[in-house]
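Written out below as structure tokens is the structure these notes cover.
The values are calculated or read from the model by the stated rules, or taken from the named source; none is laboratory data. As the structure is a prediction and not an experimental result, all values here were calculated from the model. Note that each Cβ is placed from the backbone with ideal geometry, even for glycine, and that neighbours are counted across all protein chains shown. Note: accessible area is taken over every heavy atom of the protein model, side chains too, but ligands, DNA and RNA are not part of it. Shrake-Rupley method; radii C 1.70, N 1.55, O 1.52, S 1.80 Å.
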Amino acid sequence: MVILTLSQEHGFVLSVLVLSLFQLLAMSLRVGKARKVAGVPYPYVYAEKNEAENEFDKHVFNCVQRVHQNTLEMYPSFAVLLLLGGITHPLINAGAGFYYLVTREVYARGYSTGEPGKRALGVRTAALGEIIMLGTTVHTIYQVFAGSL
């Protein structure tokens, strides 16, 4: 049986997790604002292709919506890696998680310009945070199996 004892450093991991929820909320609000500007009614998730090709506001809405959707697609793995790796490496994982959130914001702001190519810097740099969190998670799992946790 594994008994977890949380140290004060684990507060940083939990803080990054809560900060990520605020980031998701901000992205959701950006989608709502872009939807209103573009005039895309509910229940449509995206503007139609021909509309987006002819109306820049609708194109931007599609980009903003895609940012949010992609972030939601990535969120479960981010949260799992942040929490599991944070068990044994709270400060490293909190730093990597915070870095990941900053780079996701770079991704979001670049993509939301309506020029999808501007998302590339954020996507490429976010991978470093993910790799660090993956490494700490693998180490946590190893320690559980080795009985040294």
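Filter region 91-122 for residues that are in contact with a Cys (Cβ under 8 Å, 6 or more places away or on another chain) and either within 17 Å of Leu14 (Cβ to Cβ) or among the β-branched types (Val, Ile, Thr) (or both) and give the result.
If the condition is that a residue be in contact with a Cys (Cβ under 8 Å, 6 or more places away or on another chain) and either within 17 Å of Leu14 (Cβ to Cβ) or among the β-branched types (Val, Ile, Thr) (or both), then Thr113 is the only one that fits.
Just checking, how many residues over region 44-58 are buried (at least 19 other Cβ atoms within 10 Å of the Cβ) and in a helix (DSSP H, G or I)?
Counting residues in region 44-58 that are buried (at least 19 other Cβ atoms within 10 Å of the Cβ) and in a helix (DSSP H, G or I) gives 2.
Select from region 12-25 the residues that are in contact (Cβ under 8 Å) with a residue 40 or more places away in the chain and not aromatic (Phe, Trp, Tyr) and write down the one among them that is nearest to Ala79 (Cα to Cα).
Leu17
Would you mind stating whether Ile141 is more than 29 Å from Phe56 (Cβ to Cβ) and either of a type in the set (Gly, Ala, Ser) or surrounded by fewer than 16 Cβ atoms within 10 Å (Cβ to Cβ) (or both)?
Against the criterion (more than 29 Å from Phe56 (Cβ to Cβ) and either of a type in the set (Gly, Ala, Ser) or surrounded by fewer than 16 Cβ atoms within 10 Å (Cβ to Cβ) (or both)), Ile141 qualifies.
Going residue by residue through region 26-43, is there one that turns out to be touching a Lys or Arg at 6+ places or on another chain (Cβ under 8 Å), part of a helix (DSSP H, G or I), within 22 Å of Gly97 (Cα to Cα) and touching a residue at least 40 places away in the same chain (Cβ under 8 Å)?
No, that holds for no residue.
Testing Gly117 on (1) in contact (Cβ under 8 Å) with a residue 24 or more places away in the chain; (2) open to solvent by 30 Å² or more (accessible area, probe 1.4 Å), one condition comes back false. Which one is that?
(1)
Closer than 22 Å to Leu21 by Cα and among the polar types (S, T, N, Q), is that true of Thr88?
No: the conditions fail for Thr88.
Listed here are the residues, each with its yes/no results for (1) modelled with pLDDT under 95; (2) closer than 17 Å to Glu73 by Cα; (3) among the acidic types (Asp, Glu); (4) open to solvent by less than 30 Å² (accessible area, probe 1.4 Å).
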site: Ala96; (1), (2), (3), (4): no, no, no, yes
site: Leu101; (1), (2), (3), (4): no, yes, no, yes
site: Arg104; (1), (2), (3), (4): no, yes, no, yes
site: Gly110; (1), (2), (3), (4): no, no, no, yes
site: Leu121; (1), (2), (3), (4): yes, no, no, no
site: Gly129; (1), (2), (3), (4): no, yes, no, yes
site: Thr136; (1), (2), (3), (4): no, no, no, yes
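Residues Val102, Val138, Val144: which one is under 30 Å from Lys33 (Cα atoms) and either in contact (Cβ under 8 Å) with a residue 12 or more places away in the chain or of a type in the set (Val, Ile, Thr) (or both)?
The conditions single out Val102.
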